[in-house]
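Since the structure comes first, as structure tokens, the remarks are kept for the end.
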Amino acid sequence: MGRKFVVGGNWKMNGDSNQINEIINNLKNGSLDPNAEVVIGVPAIYLAQVRSNTPKTIGVAAQNCWKADKGAFTGEISAPMIKDVGAEWVILGHSERRTIFGESDSLVAEKVANALQHNLKVIACIGETLEERESGKTEEVVFRQTKALVPAIGDKWNNVVLAYEPVWAIGTGKTASPQQAQDVHASLRKWLAENVSAEVAQSVRIQYGGSVTAANAKELAACEDIDGFLVGGASLKPEFVNIINAKH
Ligand code: PEP
């Protein structure tokens, strides 16, 4: 069976109640490709509101969560809390979490393990910085980041989407070319075949993220190993519908 195209919107720390209602109405009124799975990544404080106002055909994701279920972790939210308000997904290991908040590969892995244990679906982000790309380390970095996730995921690959997001392309307007993105996606799939299993390599969905817009989405979506997008800035705009529909 083919891999279902999956498009995530990562709102980051943007939006207020009015803007969020506009985004949801835009999705409700848009004609969305039924062959595309859609997930919106919402600031924690709006998760319950968004979940109750958004059609169930659209998944709702937190943008982060802690690795423990409860306790003295001021300011954090847990996987059981995300489930409790009805959201189904969590984005983990986003490059902003890794760089601004200092999250290591091993912390991201612990978070992934806990989220999966609570039956949340996970968008797990990986990607190299510009310096790493320019020094020829792209594969080394994305393989290292993925390797850290393997024991955390165990046999739960069905509940994981990998998001390859070159850090130099996030929020910069510099998109990876379709060939650059396809090359990394294909290498990742080869790595998964060699280090996890042929079945996982073939079935896991790998999104591309980094300045995806309605203008570049179609060409990227046409690449063999690109199974969807994780979209930041453009997920707040009406063009998000065109990105969702980019495959067909
Ligand atoms: C992101 O936040 O994951 C992202 C890819 O952002 P942008 O689309 O704005 O580059």
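Where the centre of each part is set by its Cα atoms, how far does region 29-56 sit from region 162-231, in angstrom?
After rounding, the separation between the Cα centres reads 22 Å.
Excluding Val184 itself, calculate the net charge of residues whose Cβ lies under 14 Å from the Cβ of Val184, where each Lys or Arg counts +1 and each Asp or Glu counts -1.
So the surrounding residues net to -4.
Ranked from highest to lowest mean number of other Cβ atoms within 10 Å per residue, what is the order of the peptides 198-206, 32-40?
Ranking the peptides 198-206, 32-40 by packing returns 32-40, 198-206.
Provide the net charge surrounding Ala109, with neighbours chosen by a C-beta distance below 14 Å and charges set as Lys +1, Arg +1, Asp -1, Glu -1.
Every neighbour counted, the sum reads +4.
Restricting everything to alpha-carbon atoms, can you work out Rg to Rh for region 53-170 with a Kirkwood hydrodynamic radius?
0.99
Based on a Kirkwood Rh over C-alpha pairs, give the Stokes-Einstein translational diffusion coefficient of the chain at 10 °C and viscosity 1.306 mPa s in µm²/s.
Here the translational diffusion coefficient equals 89 µm²/s.
Using only the alpha-carbon atoms, what does region 1-96 span along each of its principal axes? Please give whole angstrom values in decreasing order.
The principal-axis extents, from largest down, are 44, 38, 26 Å.
Only Cα pairs under 8 Å and at least 6 apart count here; give the relative contact order of region 89-200 as a rounded whole percent.
Relative contact order for region 89-200 comes out at 27 percent.
May I ask you to derive the relative contact order of region 202-248, considering only C-alpha pairs under 8 Å and at least 6 residues apart, and to give it as an integer percent?
For region 202-248, the relative contact order is 46 percent.
At a 10 angstrom cut-off on C-beta neighbours, averaged per residue, how do the peptides 3-14, 155-166 rank from highest to lowest?
Highest to lowest by the protection proxy: 155-166, 3-14.
For the chain, what does -39500 (n - 2.57) per DSSP helix run (n ≥ 4), summed and divided by total residues, give at 222 nm, in deg cm²/dmol to the nearest 500?
-12000 deg cm²/dmol
For the chain, what relative contact order do you get, as a whole percent, if you take Cα pairs closer than 8 Å and at least 6 residues apart?
Reported relative contact order: 22 percent.
Counting Lys +1, Arg +1, Asp -1, Glu -1, what net charge surrounds Ile91 among other residues with beta carbon under 13 Å of its beta carbon?
Once positives and negatives cancel, what remains is +1.
Computed from the coordinates by the stated procedures, all read-outs in this text should not be read as laboratory data. Predicted model, so just to flag it, every value in this text is computed and none were measured. A quick note on method: Cβ atoms are made from the backbone with ideal geometry, for glycine too, and the neighbour counts reach across all protein chains shown.
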